[in-house]
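Reading through the structure tokens given below for one structure.
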Amino acid sequence: MKFKTLSSLAITTLLICFTACSKSEVKPESGTKQPSANKVKETPALKIAYVDLDSLQKNYVYFQEAQAALESKSKQYDNEINRLGKDLQNSMTAFQNNMQNGTINSQQDYEKAQKNLAQKQSNIETKSAQYAQDLASEQEKFNIALQDSLNNFIADYNKSKKYDLILSKAGSNILYATPTMDITKEIIDGLNKRYNKK
């Protein structure tokens, strides 16, 4: 309790002292020169801009085309796995029917059918893992290419614009910025122009 009171008292004293000091004029010592007003340097304001990544994803042609290609490949892989799954299901149904009908009546036929089902199951698992790895690799390549494309373009763009800092806005990670700081449209237009030339 004493500590809190002492802290409040100390803070109040410092504030009063600071206010009094800031209001009083500091007189230079005799024989010293005051710096001239035009020699005092002010810290220059930073030139800051941001790019809205959500808007970039919706409007950058390369991003849209690459995403569409990845989605198409993912759908193709899903269709193949579904086809193999249906084939396995049909084989299992046929195996059960053959067991009930007495078509499989020897140990050798039974083992052969079981081996066939196990092979189909293993094939599905292998292909599923292979497809997932392939898609992850494609996604990583795409992410690297996208980042490289953006970095290279912004480096060229900023040679003339001379921004000190260019931020990326994703969702609401920037709580407020004046509209003049938003350079998203310029970046998208420039990226699309460069991509279309390629």
(request) Give K127/K169; K75/K159; K159/K198 a once-over and call out the pairs whose C-alpha atoms are over 30 Å from each other. (result) K127/K169; K75/K159
(request) Just tell me which aspartates and glutamates come within less than 14 Å, Cα to Cα, of K197; anything on the same chain fewer than 8 places away is out. (result) D189
(request) Show the residues, 5+ positions off or on another chain, whose built amide H is closer than 5 Å to the amide H of Y50. (result) L167, D182, I183
(request) Any chance you could run the full-extension gain for K161 through Q108? It's 0.36 nm times the residue separation minus the Cα-Cα distance, nm to one decimal. (result) 11.3 nm
(request) Before anything else, pin down the relative contact order of the stretch 48-197: Cα pairs under 8 Å, at least 6 apart, normalised by residue count, whole percent. (result) 62 percent
(message) Explain nothing, just the number: dipole magnitude of the stretch 48-197 about its Cα centre with +1 on each Lys and Arg Cβ and -1 on each Asp and Glu Cβ, in debye rounded to the nearest 20.
(response) 240 debye
(request) Just grab the label-to-label distance for N192 and T93, each label 7 Å out from Cα along the Cβ direction, in nm (one decimal). (result) 4.9 nm
(request) Per residue of the stretch 102-116, in order, report the coupling 6.51 cos²θ - 1.76 cosθ + 1.60 (Karplus, θ = phi - 60°) as ³J(HN,Hα) in whole Hz, putting x for Gly and Pro. (result) x, 5, 8, 10, 10, 4, 5, 5, 4, 5, 5, 5, 4, 5, 4
(request) Just subtract the alpha-carbon distance of K115 and Q64 from 0.36 nm times their residue separation and send over the number in nm, one decimal. (result) 13.9 nm
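Rule-based calculations on the coordinates, nothing more; no lab input. Quick caveat: nothing in here was measured; it's all calculated off a predicted structure. Quick reminder, even Gly has a Cβ in these numbers, built from the backbone with ideal geometry, and neighbours come from all protein chains shown.
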